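A short reminder: the numbers here are calculations on the coordinates, not readings from a lab. It should be emphasised that the depicted structure is a prediction, and the values quoted were computed from it without experimental measurement. Methodologically, a virtual Cβ is constructed for each residue, glycine included, from the backbone with ideal geometry; neighbour enumeration extends over all protein chains shown.
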Amino acid sequence: MSVSGGTRPSSLSAVQRAIISCQRCPRLRSYCQQVGRTRRAAFRDQVYWARPVPGFGDPAARVLILGLAPAAHGANRTGRVFTGDGVGSSGDFLMAALKRAGFSNISTSQRTDDGLALRDAYIAAAVRCAPPANKPLPEEVDRCLPHLIDEVAHLENLQVVVALGKIAWDAWLKASALGGVALPRPRPAFAHGAFVRLHPGILVGVYHPSRQNTNTGVLTPKMYDQVFRAVRRALR
Ligand code: SF4
């Protein structure tokens, strides 16, 4: 399930190296480094990753989970997507759902040495650098799309993309259009539980597992379970 046919790094690890060394967005690079220098009090003794965060997971994945961006003191600290943003955080909520659905071997994501292994799933973010206030600029999302296109080009078994929130949803549609995929008209709107058949693949929308959604009951574990069960059924 490739979305582009251009020249790209020759392997998934080469794509990941290119992401890690990217400097295309001065505002984001400078913010990530500044967060890494000042640090949160609880992490004062740690060396922050403070670089762009590549995707993580099973290279043979049929399912891509697409998030928004690294958290300043989460993945920007640990270097692994959805990792270290606090107990009960979005990473834990997502990983618990993936564990229940059989895509993960553990149900938390707080440390890079936790033995986490994804099966049949790969997690990436639409934007690879932590943005101030978790809000990337539209041009920063656009600038980062080639990394997503390059990364999924090496996920040869990909069938379903689960977009965590509207920005990830729109980013996937844009990446698909850039890659020559003919999108349905009107362009599909994001909704929790939306399934859209693209050619190739299926795009699924779910609410982002931010504390704002999970602490207020806007998003519950049951809602993720229903969607991931449907994702499983959609796999060939
Ligand atoms: S957000 Fe993406 S394009 Fe911008 S500097 Fe980070 S990795 Fe590069």
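When a/c is below 1.5 the answer is rounded, else prolate if a/b is larger than b/c, else oblate, so apply that to segment 62-129 with a ≥ b ≥ c taken from the square roots of the Cα gyration tensor eigenvalues. Please report the intermediate quantities before stating the final value.
On the way: a/c = 1.77, a/b = 1.26, b/c = 1.41.
Verdict is oblate for segment 62-129.
For segment 107-236, just say rounded, prolate or oblate: build the C-alpha gyration tensor, square-root its eigenvalues into a ≥ b ≥ c, call rounded for a/c under 1.5, and beyond that prolate if a/b exceeds b/c, oblate if not. Mind showing how you got there, number by number?
Values: a/c = 1.27, a/b = 1.15, b/c = 1.10.
Rounded is the answer for segment 107-236, as its axis ratio a/c remains below 1.5.
What FRET efficiency would be calculated for the residue pair Ala117, Arg187, taking the C-beta separation as r and a Förster radius of 35 Å, to the nearest 0.05? Working from the Cβ atoms, E equals 0.50. For segment 12-234, the relative contact order is 21 percent, taking Cα pairs closer than 8 Å that sit 6 or more residues apart in sequence and dividing their mean separation by the residue count. Each part gets one Cα centre, and for segment 175-190 versus segment 86-120 those centres are 30 Å apart.
Model label sites at Ser107 and Arg236, defined 7 Å from Cα along the beta-carbon direction, differ in position by 3.4 nm.
For the chain, no complete DSSP H run has alpha carbons reaching 27 Å or more along its own long axis together with a mean Kyte-Doolittle score of -1.0 or higher. Percent of Cα pairs in segment 96-180 per distance bin of 10 Å, from zero to the largest separation: 15, 42, 36, 8.
Here the simple spin-label model places points 7 Å from the Cα toward Cβ, and for Ala41 and Glu139 these points are separated by 3.8 nm.
For the chain, the share of DSSP beta bridges that are antiparallel, to the nearest 5, is 30%. Given only helices, namely DSSP H runs of n ≥ 4 each adding -39500 (n - 2.57), what is the per-residue ellipticity at 222 nm of the chain, to the nearest 500 deg cm²/dmol? Only helices count here, giving -10500 deg cm²/dmol.
Each Lys and Arg adds +1 at its Cβ and each Asp and Glu adds -1 at its Cβ; summed about the Cα centre, the chain shows a dipole of about 240 debye.
Ranking Ala177, Val206, Ala14 by Cα position along the charge dipole of the chain, where only Lys, Arg, Asp and Glu carry charges on their C-beta atoms, puts Val206 farthest toward the positive end.
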